[in-house]
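Just so you know, all these numbers are worked out from the coordinates, no wet-lab data involved. Not measured: the values here are computed from a predicted model. Cβ sites come from the backbone with ideal geometry, for glycine too, and all protein chains shown count toward neighbours.
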Amino acid sequence: MIRRTLAVAALAIPALAFAQAALPTKEPAKKASPAREAPAAKVNGVAIPAARMEALMNQQRSRGAPDNEAVRAQVREELINREVIMQEAVKAGIPKSAAVQGQIDLARQEIILSAYIRDWVGRHPVSEAEIQKEYDRVKAQQGDREYRARHILVENEDQAKALIAELQKGGKFEELAAKNSKDPGSKDRGGDLDWHAPGDFDKNFSDAMVKLEKGKFTDTPVKTRFGYHIIQLDDVRAGRFPSLAEVKPRIQQQLTQVRIEEMVRGLRARAKVE
């Protein structure tokens, strides 16, 4: 029942891979090469371009592999193996099949799209000021305190009122939650929701929660889009909000994703789609 906003997600979870892939990356400096670079190898007279070797080396470097003679030798062997198989595949007519042509077309499109988005993001970067603004906004939304609450979620107001009456007569909150709550994530823990900032919850829920004294429960049902809640506040503590340095990459990735989505919407708005 916890509501995660876009901004909160930017601080709490890894950003979408699409945005991460789109972020500009620093490429290793390349040595000057002669006008016509020697091929990485030749297989049955067919040259394997040196550029293909460098592309595969870039992949290995991005995965943490060192750039040394041993790794280059392994990459060269891999390229030779690929070329040997490729030549046999061509002889068998595999590249001409409709299924393979469709996959090639899709892969080509994905490569071009990724390259375009990286270029576009490089020309429209998220600024330091935008990152700071988003950080400040979420920090203000989260507040400086965390709350440990428990709740009982039911379908209608009458059910909630009946449970409040039982609590007022001395019923145990944990037992009533385990028996009646419709929230599968907390009912087996007596309704316990663990520690959270108010911004993690539906606004109606959090507004009611922060007004409670420790050990008290709401004497009227709290309505959210999930149903009706009885909330009990167990404890309050000072919240620890991560520093900007800790969450900056995630915020940048999330804002980049938002910017890409806005760009796509703009293109769609100008496109004639039939």
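Could you tell me whether any residue of the range 85-94 is surrounded by 14 or more Cβ atoms within 10 Å (Cβ to Cβ), part of a helix (DSSP H, G or I) and without any contact (Cβ under 8 Å) to a residue 24 or more places away in the chain?
yes
Quick check on my filter: what residues within the range 242-265 are more than 19 Å from Asp136 (Cβ to Cβ) and either acidic (Asp, Glu) or in contact with a Lys or Arg (Cβ under 6 Å, 6 or more places away or on another chain) (or both)?
Glu261, Glu262
Every residue in the range 117-144 that is within 17 Å of Pro242 (Cβ to Cβ) and either in contact with a strand residue (DSSP E or B) (Cβ under 6 Å, 6 or more places away or on another chain) or assigned to a helix (DSSP H, G or I) (or both), please.
Of the range 117-144, the ones within 17 Å of Pro242 (Cβ to Cβ) are 131-144.
Those that are within 17 Å of Pro242 (Cβ to Cβ) and either in contact with a strand residue (DSSP E or B) (Cβ under 6 Å, 6 or more places away or on another chain) or assigned to a helix (DSSP H, G or I) (or both): Ile131, Gln132, Lys133, Glu134, Tyr135, Asp136, Arg137, Val138, Lys139, Ala140, Gln141, Gln142.
Which numbered condition in (1) over 30 Å from the mean Cα position of the chain (by Cα); (2) in contact (Cβ under 8 Å) with a residue 40 or more places away in the chain; (3) closer than 13 Å to Glu146 by Cα is the only one that Lys214 fails?
Condition (2) is where Lys214 drops out.
Suppose we filter Asp200, Asp207 for residues that are exposed (fewer than 14 other Cβ atoms within 10 Å of the Cβ) and out of contact with any Leu (no Cβ under 6 Å at 6 or more places or on another chain); which single one remains? Steps first, please.
Values: Asp200 fails: exposed (fewer than 14 other Cβ atoms within 10 Å of the Cβ).
Testing whether each residue is exposed (fewer than 14 other Cβ atoms within 10 Å of the Cβ) and out of contact with any Leu (no Cβ under 6 Å at 6 or more places or on another chain) leaves just Asp207.
With respect to Glu166, determine if the residue is touching a helix residue (DSSP H, G or I) at 6+ places or on another chain (Cβ under 7 Å), of a type in the set (Asp, Glu) and either outside any helix (DSSP H, G or I) or touching a residue at least 40 places away in the same chain (Cβ under 8 Å) (or both). Talk me through it step by step, then tell me what you get.
On the way: touching a helix residue (DSSP H, G or I) at 6+ places or on another chain (Cβ under 7 Å): yes; of a type in the set (Asp, Glu): yes; either outside any helix (DSSP H, G or I) or touching a residue at least 40 places away in the same chain (Cβ under 8 Å) (or both): no.
Considered against the rule, which asks whether it is touching a helix residue (DSSP H, G or I) at 6+ places or on another chain (Cβ under 7 Å), of a type in the set (Asp, Glu) and either outside any helix (DSSP H, G or I) or touching a residue at least 40 places away in the same chain (Cβ under 8 Å) (or both), Glu166 comes out as no.
Using beta carbons and a limit of 8 Å, which pairs, at least six apart or on different chains, have the first residue in the range 137-154 and closer than 19 Å to Lys182 by Cα and the second one part of a helix (DSSP H, G or I) and polar (S, T, N, Q)?
Short answer, once both residue conditions are applied: Ile152/Asn180; Val154/Asn180.
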